[in-house]
Amino acid sequence: MAASRKLLPSKAVVASVADTLVRHVPPGARLALALSGGLDSMVLLHVLLALRDVHPFALQAVHVHHGLSPHADDWVDFCTRQCAAQGVALDVHRVAVARDDGAGIEAAARRARQGVFAAVDADFLLTAHQQDDQAETLLLQLLRGAGPKGLAAMPELQRQPAWRAAQLRPLLGTGRARLRDYAAAHGLEWIEDDSNVDVRYRRNALRQEVMPLLAAHFPENSATLARAAALQAEAAGLLDELACIDAAAAIADERLDCAALARLTPARARNLLRHFIGRHGLSMPQARVLDEALRQLLAARHDARVQVNLRPWSLWRFRGGAYLVPPLPPPAPPVCWRGETALWVPAAGVEVKMAPAMGAGLRRTALENGVVTLGVRAGGERIQLVPGGPHRSLKNLLQERAVPPWRRARLPLLWCDGRLAWAHGIGVDVAFRVGPSEAGILPDAPGAAPEQDSRRPHMLS
């Protein structure tokens, strides 16, 4: 009777993982297990091997060597031996963790690890996060003042931006104590990371000092907190649905209409702004930064320019719309063109193509006999677009065509013998314009078209 009771946790763990696989993983899928060698990942490896015949899939393992512990090489050896004994292919990735990262060593190690995971070629990347991890994550997010999306903690299935594989967490419904029972019942070996007891790290302090105290007064606290996270996930999903409804009338392409934003209640406006930021894959700013951004977007005059730093991107208001803008390329001198068909312009952050053409673009002979450079504005540039017409200020032309300021700063330009000959999206100076039957060079910079106010279309010369 005692032996049968001892095996009950094993059956529960296997059943929970099997249920997750049935719900998310089609037969024959390629699975990659993130294998640290710790208790949780070793149990998950054992369970997956037990289920492989029942629910067929291809299985490999991935181990990330952070190099932060003096035992890191021993962990690689352990995982290698364990996988070899089970016939599971193991990929070991050695990463360099930036120890001087301002966000702390934990965050730097997590980014390095996720960089490896993003490149894993599989249908699903399985990580061994379990119920106690979920409870700890909820509490950490609560102490950071997170909203429903943060308090939802870790989803069972997650599609991370730019990852090849979907991330799956099959152990979220299973607590650490049950995993220990499983490992003991099956005689499993695992490694203990000595850094897990270092309470200088917040999660470790929570795990070692706070969670035991909670358990003494609330024995089922991990399961209860995990349920709370699931409820927050449901609430976050509803907020996302509401944001999509509001976005349909407020967001077009990359522009958020500030008038539509102002018609919403403050809570819905914040929710829509979070949605607008999130759809660009950016980290969500702190609540005070978000509130200040919303205040500036709504309080500014229609023609006012507003720029809010979201690090590293910026949120701009321009002609009644809000735009998210990536950081400018670092300053760089102009580059010389020596006949290449394409040339990278560092200051503009784009490649300019120089395609041969007949009767279009700039006169080839003028370019071949002159000194040609490409760069961006320094101020004071002028260009003559109409024969017999004035030399117009490039600054005024950009303003007339409602090109936003962040586009003006990185607009690719071409000079010949020191004279502005071409401005992308604006036109060619008449002194360099090719005749109907002349050989020309047609510059173009895909992806760098001057963005214009969508309500004021302009013909580009």
Exercise. Where in the chain are the DSSP H helices whose alpha-carbon span along the long axis reaches 15 Å or more and whose Kyte-Doolittle mean is at least 0.5?
Worked result: 39-51, 221-250
Exercise. Once you put a point 7 Å from the Cα of LEU140 and another 7 Å from the Cα of ARG311, both along the Cβ direction, what distance in nm separates them?
Worked result: 1.9
Problem set entry | Where Rh is the Kirkwood radius over Cα pairs, Rg/Rh for the chain | 1.09
Exercise. The range 363-437 to the range 209-251: how many Å between their Cα centroids?
Worked result: 55
Seminar exercise, completed: In Å², rounded to a whole number, the accessible area per residue of the chain with probe 1.4 Å is 51
For this session: With θ set to phi - 60°, apply the Karplus curve 6.51 cos²θ - 1.76 cosθ + 1.60 along the range 403-409 and write out the HN-Hα couplings as whole Hz, x wherever there is a Gly or Pro.
Result: 7, x, x, 5, 6, 4, 5
For this session: In nm, give the distance between the simple-model label positions of TRP163 and ASP73, each being 7 Å from the Cα along the Cα-to-Cβ direction.
Result: 3.2
Problem set entry | Stokes-Einstein D in µm²/s, Kirkwood radius over Cα pairs - the range 226-314 at 37 °C with 0.692 mPa s viscosity | 235
Seminar exercise, completed: Mean Cβ-within-10 Å packing, highest first, puts peptides 66-73, 270-277 in the order 270-277, 66-73
Problem set entry | Loop-resident sites, the range 160-204, for trypsin sites (Lys or Arg not before Pro), counting at most 10 other Cβ within 10 Å (DSSP) | ARG200
For this session: Using amide H atoms built 1.01 Å from N in the peptide plane, name the residues 5+ places from VAL62, or on other chains, whose amide H lies under 5 Å from its own.
Result: LEU33, ALA34, LEU35, ASP91
For this session: Using a 1.4 Å probe over the heavy atoms of the protein chains, calculate the carbon and sulfur portion of the accessible area of the chain as a whole percent.
Result: 55
Seminar exercise, completed: Between ALA355 and residues 5 or more places away or on another chain, the pairs with built amide H atoms under 5 Å apart involve LEU442, ASP444
Exercise. Projected onto the charge dipole of the chain (+1 at Lys/Arg Cβ, -1 at Asp/Glu Cβ, origin at the Cα centre), which of GLY370, ALA342, ALA34 gives the Cα projection farthest towards the positive end?
Worked result: GLY370
Exercise. Zone of ASP193 (label point 7 Å along Cα→Cβ, backbone N under 20 Å): which residues in the range 170-186?
Worked result: 170-181, 183
Seminar exercise, completed: Per the C-alpha gyration tensor (a ≥ b ≥ c, the square roots of its eigenvalues), the range 216-277 is rounded if a/c is under 1.5, else prolate if a/b beats b/c, else oblate; here it's prolate
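Can you bin the range 52-148 into rounded, prolate or oblate? Criterion: square roots of the alpha carbon gyration tensor eigenvalues sorted a ≥ b ≥ c, rounded for a/c under 1.5, prolate for a/b above b/c, oblate for the rest.
Because a/c hits 1.5 or more and a/b fails to exceed b/c, the range 52-148 counts as oblate.
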Exercise. How large is the dipole of the chain about the Cα centre if only Lys and Arg carry +1 and Asp and Glu carry -1, each at its Cβ, rounded to the nearest 20 debye?
Worked result: 1500
Seminar exercise, completed: Residue-normalised 222 nm signal for the chain, counting each DSSP H run of n ≥ 4 as -39,500 (n - 2.57), nearest 500 deg cm²/dmol, is -12000 deg cm²/dmol
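The values are calculated or read from the model by the stated rules, or taken from the named source; none is laboratory data. Only a predicted model underlies this, so the values are computations on that prediction, with no experimental measurement involved. Here the Cβ is made from the backbone with ideal geometry for all residues, glycine too, and neighbour counts use every protein chain on show. Keep in mind that these areas ignore ligands, DNA and RNA; they rest on the heavy atoms of the full protein, side chains included. Shrake-Rupley method; radii C 1.70, N 1.55, O 1.52, S 1.80 Å.
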